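In what follows, a single structure is set out as structure tokens and then discussed.
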2 protein chains.
Amino acid sequence: ANNKKLIRININRWVVMLMIGILTALVGVVIDILVHQLAGLKYSLLKSWIDSCVEEGCLAIPFALWVAIDALFVCFAAILVAYGEPVAAGSGIPQIKCYLNGVKVPHVVRIKTLISKVIGVVFSVAGGLAVGKEGPMIHSGAVIAAGVSQGMSTTFKRDLKIFKYFRTDTEKRDFVSGGAAAGVSAAFGAPVGGVLFSLEEGASFWNQALTWRIFFCSVTTLFTLNIVLSVYFGRPGELAYPGLLNFGRFTGVSYFWYEIPLFLLMGVAGGLSGALFNFVNHKICIFRMKYVYKPFMQVVEAMMVAIVTATLAFVSIYVSRDCKPLGQDPSEKPLQFFCSDGEYSTMATMMFQTPEQSVKSLFHDPPNSYNIVTLSVFCVIYFILACWTYGLSVPSGLFIPSLLCGAGWGRLFGIGVSHLVPNIAWSAPGIYALMGAAAQLGGVVRMTISLTVILMEATGNVSYGLPLMLVLLIAKWVGDIFNEGLYDIHIRLMSVPILGWEPPATSTTISARQVMSHPVTTLQQVEKVGRIVEALKEPHSNHNGFPVVDVPDETDQVTSGRFRGLILRSHLLVLIKRKMFLERGQTGAIRRNLEMKDFREAYPRFPSIHELNISPEEMECSIDLRPYMNPAPYTVSEDASLHRVFRLFRALGLRHLVVVNKDNLVMGIVTRKDLARYRLVSLRSLDLEELQMSH
Amino acid sequence: ANNKKLIRININRWVVMLMIGILTALVGVVIDILVHQLAGLKYSLLKSWIDSCVEEGCLAIPFALWVAIDALFVCFAAILVAYGEPVAAGSGIPQIKCYLNGVKVPHVVRIKTLISKVIGVVFSVAGGLAVGKEGPMIHSGAVIAAGVSQGMSTTFKRDLKIFKYFRTDTEKRDFVSGGAAAGVSAAFGAPVGGVLFSLEEGASFWNQALTWRIFFCSVTTLFTLNIVLSVYFGRPGELAYPGLLNFGRFTGVSYFWYEIPLFLLMGVAGGLSGALFNFVNHKICIFRMKYVYKPFMQVVEAMMVAIVTATLAFVSIYVSRDCKPLGQDPSEKPLQFFCSDGEYSTMATMMFQTPEQSVKSLFHDPPNSYNIVTLSVFCVIYFILACWTYGLSVPSGLFIPSLLCGAGWGRLFGIGVSHLVPNIAWSAPGIYALMGAAAQLGGVVRMTISLTVILMEATGNVSYGLPLMLVLLIAKWVGDIFNEGLYDIHIRLMSVPILGWEPPATSTTISARQVMSHPVTTLQQVEKVGRIVEALKEPHSNHNGFPVVDVPDETDQVTSGRFRGLILRSHLLVLIKRKMFLERGQTGAIRRNLEMKDFREAYPRFPSIHELNISPEEMECSIDLRPYMNPAPYTVSEDASLHRVFRLFRALGLRHLVVVNKDNLVMGIVTRKDLARYRLVSLRSLDLEELQMSH
């Protein structure tokens, strides 16, 4: 019977992943189609005005219209976020990263967040901001995963009473990994990249079965997407559509070995440019945290950015005199503007369509489509805009603006090279645009494996693997000299104790004794309710678990008694709420011990200790903790090195670890925060204070 | 200074990976070119004889020639393995799997093995056996990795005195992961698949930096391969060649959604067929272990298989009357045989070229290239041959024969479907051949993620991801009902204690106390040499580590004293060999404690206890173990569940874990063998005895 139940649970894991995959694809398609339609309407309207006004001299009207539409759209997106769900701002990847790392950021996986995010991103992209929809799509996948797997929604106060056995942190996190992978798969058509993204950001212990389920989820997404898109484009059943972000296939284009040093150089440039981006964005965000924290001001700032963006786009198209003959431009609505008949403005190719389409243009337009001045101006403007935009109170992906900016200077680089050394065969400037895009993105986010694979899958060409990888590697190395990746910077701005991949370099010389929190609040195996309440209320020991010990030796000032087990804060809260007091047992009020089910019902929002009413008599009662504590949790000797402690935390996804001496007496407890603090201390002692203030 | 050293070591890790990548590619190219040339010579010779003999009626001559050449080639390969290095037999993947799992199989990563393997596989493939070169290429990558990273070779008795700090099990294993990935990358042109292969087979703890290095290694391989092949084919610098096993690109071919159920059905068929394959091969291998264990007999058996293979091929071509018009056949040397002028024999397409080329023909030949009888006969013959061949004393990959067999029945399936329901649009039979190949291979090896990605990369098409994945998933599920994957079967035949991915289902109800070895041999902190020697010689406690304890309480019969630390067997051996006795210290003979360096110098072949000469006086001396023991290793409480113990082993790659009671007194020790035994016991109690006998 028990075996059958295990099999049923396992089958349900697959079912849930299937549902997550399908729903993520649907949400992705909805976002994509809405953006496409809304932006299409906007640009059609503007184009018809511009086309007629160029001759009639009324260009002020389309300009005003453009600014007004963008401001309105962005205003709507900003209101949704600032007043609705602030955590829906940005790409959501830093939050997902924290979540997968084992740190709970409030509201990250709520349905309300999903709604704000989905609607918000449609309007922020259609509103012309320098943002992409990819990050938000990944975040959406994660929220969907959390919602489906729990079979309940706190926002809607609904509980479908299904999948109850998945209501634990670990199970939920596993599904969220799948959702994030599905999001990547939907956004880039990169199912393998999605799996690697989840592993890179979240996993610590390589779990074969889980990885396989994640892969299933991300492939399902791609497949669903294909079906839906084939119907949408009127060719039902033809399964040949890649992901939503389609870079276009680079088929039949190869590069030459002597170009590799140039690509490496571009990696260096990307690392520098990315580090500059991160530095400036960090400063802007700190400024924002200090001065632009009220919702009203956030909305105003977002509108301001929208207005500036539209203005700069209009002005640069207005000023540019770079015209090319029609017929080669792949953008949907080539704009003539001041060009002669039969020509189009190249600046408009980059400014007068969604950033995603501009990336494609830069990758695939034939050589000589762009002139150098146009590209240079565009890059500078776009770099500044993207830098200002990320961190605004609107949903905003970082991938596309980084790619676009990099594609711009990459193409410029390619053109420069073939101008300087005209006698040698060079790759198409589109390849250089691709490498530049990779370099810029790599320099900003500093992701490695998953990004390489995502770009390989999105370009549909395995032979760019090596140069892409080298470019990303160099960009990361160069960038890391100056600062962290932008996601990590934003995580640090949230003051979240996240664990890095590697233990700090000096960790072998530091012992657990130096890292642990000490003294630690302990409980006895049969403990007074008053003492438990006191422990739960103690502000400085807000740990998730308490060591349970034998009656301590009163004369011993160093240790806290012999270790007997560990009890979770959440379980203590449920025990008190359910009044599982021994004295009641004697009067027949408790008939049975609580089971896992009882604890699960309270998940994930356990009562707060301050909400519980406990009468003074009850305070004198006691609880037998033995049936509920974990009698044999992982522990570590006080002499163990920080390196060893770190590996335990990382490999097993621990949240706390009891430190014992050689007689198994409790010496202290190590939490993630202790480790995270140590990491920062060892990097720069300056930041220690900053972190201790938080939380 | 310490920091600088760390950086230098880290840079060297990359350098070593680069070297591994390049060398693996070179070895791969050498194997490939040699096979190509040798097989080309053989088939050219035979073709000219056959062409003239068909008319003159002297077909007995080419037949005899064919049999003789194959027997000779295979004889050579078998002698290399049976008399040279028996561990070079087979694909090497089971051995690599054990190695990455943390179990040392002797000689697996020796240079001598590499030489036997490389030369052997060339002759076994050219000798017409139903084998591939892919598995051996992966094994080669692993050996190269071990050799390069250690900077020494036991076979050649050379020590280059470089990379000394990589002489630990962990570092070596990390590099071997990279080498295996490089091998996959070289064999299939699948760098990402290679990384996933290494992770799937070996990794337990997802190590970001290591994974990135492995990826670098596998991309380097692909790149080197590209350069070398571009030169070999006379177009230096054009970097467009994929891996060595090229399935040909399936471009522009899409499938229809209503074909998916059919693919699923093929998955079921593959699972059944694979399970049958494994069952039969298992029986054959047990037979071999009992009766064909002498080198001479092994060589004879291999020659017998070669003769039968050549005979069957010749007879089936001779008997077949299936002819097609020339011009469509992609095989290099179409054979006319009894066909009319301007036609070729289709049976010869499959039998008269290397298996790898046959796979390609089945994938890409236009519809109507094969008739049903020819395909059916071929599949049956090939299934039997492949099943008999794997496990012979020759280097022999399993991928290609499985793929070929599956491609055969897959194509048959595709032809059948389009015959039965002719009114609907069906995919090309090549797609069905691909799915059948995946199903058969999946049914045999039961690999999942990595295999999907390898096939996706080798076919160069991401849109087959979902069907490939579903086929592999179903094949695995169906096959798992009957038996294990073939690699696991062969690992079990080697009686190696390998750990599965997941703890056994019942593991939460079993405690460490039940699993541990008990009583355990312990040492004291300052211990008599005689006592140490005795412990090292004890046959039943051949553990890699001994717990060091306080003086035990003589009256205590259950525990073995309070735990103080753990000392490695290898360190004890070095300490005795260097005579680090306290009594000598007092006479000034030891000036310094041993350092890590001293232990590393002895790696990886530490002296055996039986080789050391210890005089009776020395036996009375004592050694202070404290400077050399690990004072704070991972331990576990006797109440911890098997589940928890298993996770610790798997996540941290442990080899032994000391079990303590709540007073930190040593209760026993858990080794991998204890865990592996438990897995088997819980699967089938029958196998327990078998395993306990081994080792």
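The values are calculated or read from the model by the stated rules, or taken from the named source; none is laboratory data. Being a predicted model, the structure only gives us computed values, none of them experimental. Virtual Cβ from ideal backbone geometry, glycine too; neighbours counted across all protein chains shown. Heavy atoms of the whole protein, side chains included, go into the accessibility calculation; ligands, DNA and RNA do not. Shrake-Rupley method; radii C 1.70, N 1.55, O 1.52, S 1.80 Å.
A few comments on the model shown:
- Of all residues in the stretch B:224-238 being modelled with pLDDT under 85, part of a helix (DSSP H, G or I) and at the interface with chain A (Cβ under 10 Å from one of its Cβ atoms), the one that is farthest from B:L23 (Cα to Cα): B:S230
- Lone unmet requirement of (1) touching a Pro at 6+ places or on another chain (Cβ under 8 Å); (2) within 14 Å of another protein chain (Cβ to nearest Cβ) for B:R13: (1)
- A search for C-beta distances below 7 Å between a residue of the stretch A:562-576 that is away from every other protein chain (no Cβ under 14 Å) and free of Cβ contacts under 8 Å to residues at least 40 places away in the same chain and any residue that is of a type in the set (K, R) and surrounded by 22 or more Cβ atoms within 10 Å (Cβ to Cβ), counting only pairs 6+ apart in sequence or on different chains, returns nothing.
- Qualifying residue in the stretch A:54-65 (condition: in contact (Cβ under 8 Å) with a residue 40 or more places away in the chain and over 19 Å from A:A306 (Cβ atoms)): yes
- Any chance B:I474 is among the β-branched types (V, I, T), open to solvent by 20 Å² or more (accessible area, probe 1.4 Å) and away from every other protein chain (no Cβ under 11 Å): yes
- Selected residue (criterion: farthest from the chain's Cα centre (by Cα)) from residues of the stretch A:651-673 that are of a type outside the set (V, I, T) and open to solvent by less than 10 Å² (accessible area, probe 1.4 Å): A:G668
- Scan of the stretch A:443-455 for residues that are hydrophobic (A, V, I, L, M, F, W, C) and at the interface with chain B (Cβ under 7 Å from one of its Cβ atoms), ordered by number: A:I449, A:V453
- Residues within the stretch A:387-422 that are open to solvent by 10 Å² or more (accessible area, probe 1.4 Å), in a helix (DSSP H, G or I) and not small (G, A, S), tallied: 8
- Conditions (1) of a type in the set (A, V, I, L, M); (2) farther than 27 Å from A:R288 by Cβ; (3) open to solvent by less than 50 Å² (accessible area, probe 1.4 Å); (4) within 20 Å of the chain's Cα centre (by Cα): number failed by A:V54: (4)
- Pick from the stretch A:620-650, criterion of a type in the set (D, E, K, R) and in contact with a Leu (Cβ under 8 Å, 6 or more places away or on another chain), ranking: surrounded by the most Cβ atoms within 10 Å (Cβ to Cβ): A:R650
- Count of residues meeting criterion [under 24 Å from A:W66 (Cα atoms) and assigned to a loop (DSSP other than H, G, I, E, B)] in the stretch A:342-357: 3
- Among the residues of the stretch A:195-207, at least one is modelled with pLDDT of 85 or more, more than 9 Å from chain B (Cβ to nearest Cβ), closer than 23 Å to A:R110 by Cα and in a helix (DSSP H, G or I).
Condition check ((1) at pLDDT 90 or above; (2) within 14 Å of chain B (Cβ to nearest Cβ); (3) closer than 30 Å to A:V228 by Cα; (4) open to solvent by 50 Å² or more (accessible area, probe 1.4 Å)) across all residues:
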site: A:G21; (1), (2), (3), (4): yes, yes, yes, no
site: A:L34; (1), (2), (3), (4): yes, no, yes, yes
site: A:Q37; (1), (2), (3), (4): yes, no, yes, yes
site: A:A77; (1), (2), (3), (4): yes, no, yes, no
site: A:L80; (1), (2), (3), (4): yes, no, yes, no
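- Candidates are the residues of the stretch B:92-113 that are touching a residue at least 24 places away in the same chain (Cβ under 8 Å) and closer than 20 Å to B:P295 by Cβ; the one that is surrounded by the most Cβ atoms within 10 Å (Cβ to Cβ) is B:G92.
- Every test in (1) over 19 Å from B:V131 (Cβ atoms); (2) exposed (fewer than 14 other Cβ atoms within 10 Å of the Cβ) is passed by B:W49 save one, and that test is (2).
- Taken as a whole, the structure places A:S463 among residues that are within 29 Å of the chain's Cα centre (by Cα), open to solvent by 10 Å² or more (accessible area, probe 1.4 Å) and not basic (K, R).
- Residues of the stretch A:292-309 satisfying the condition of being open to solvent by less than 60 Å² (accessible area, probe 1.4 Å) and either of a type in the set (D, E) or outside any helix (DSSP H, G or I) (or both): A:V292, A:E301
- The set of residues from the stretch B:335-357 being in contact with a Ser or Thr (Cβ under 7 Å, 6 or more places away or on another chain) and over 14 Å from B:R321 (Cβ atoms) comprises B:T349, B:M350, B:M351, B:Q353, B:Q357.
- In the stretch B:522-549, the residue that is surrounded by the fewest Cβ atoms within 10 Å (Cβ to Cβ) out of those that are part of a loop (DSSP other than H, G, I, E, B) and modelled with pLDDT under 85 is B:P539.
- Taking strands (runs of 3 or more DSSP E) as the structural unit, those lying wholly within the stretch B:608-660 and holding at least 2 residues that are touching a strand residue (DSSP E or B) at 6+ places or on another chain (Cβ under 6 Å) and within 11 Å of another protein chain (Cβ to nearest Cβ) correspond to B:635-637, B:656-660.
- Filtered by the rule that a residue be touching an Asp or Glu at 6+ places or on another chain (Cβ under 9 Å) and part of a helix (DSSP H, G or I), the stretch B:358-374 gives B:S361, B:V373, B:T374.
- For the criterion of being under 22 Å from A:S427 (Cα atoms), away from chain B (no Cβ under 13 Å) and open to solvent by less than 20 Å² (accessible area, probe 1.4 Å), A:A458 fails.
- Test: residue in the stretch A:323-337 that is buried (at least 18 other Cβ atoms within 10 Å of the Cβ) and without any contact (Cβ under 8 Å) to a residue 24 or more places away in the chain: yes
- Selection over the stretch A:358-375 of residues that are under 22 Å from A:A458 (Cα atoms) and in contact with a Leu (Cβ under 7 Å, 6 or more places away or on another chain) gives a count of 3.
- Selection of the stretch B:424-434 for residues being more than 14 Å from chain A (Cβ to nearest Cβ) and open to solvent by less than 10 Å² (accessible area, probe 1.4 Å) yields B:G430, B:Y432, B:A433, B:L434.
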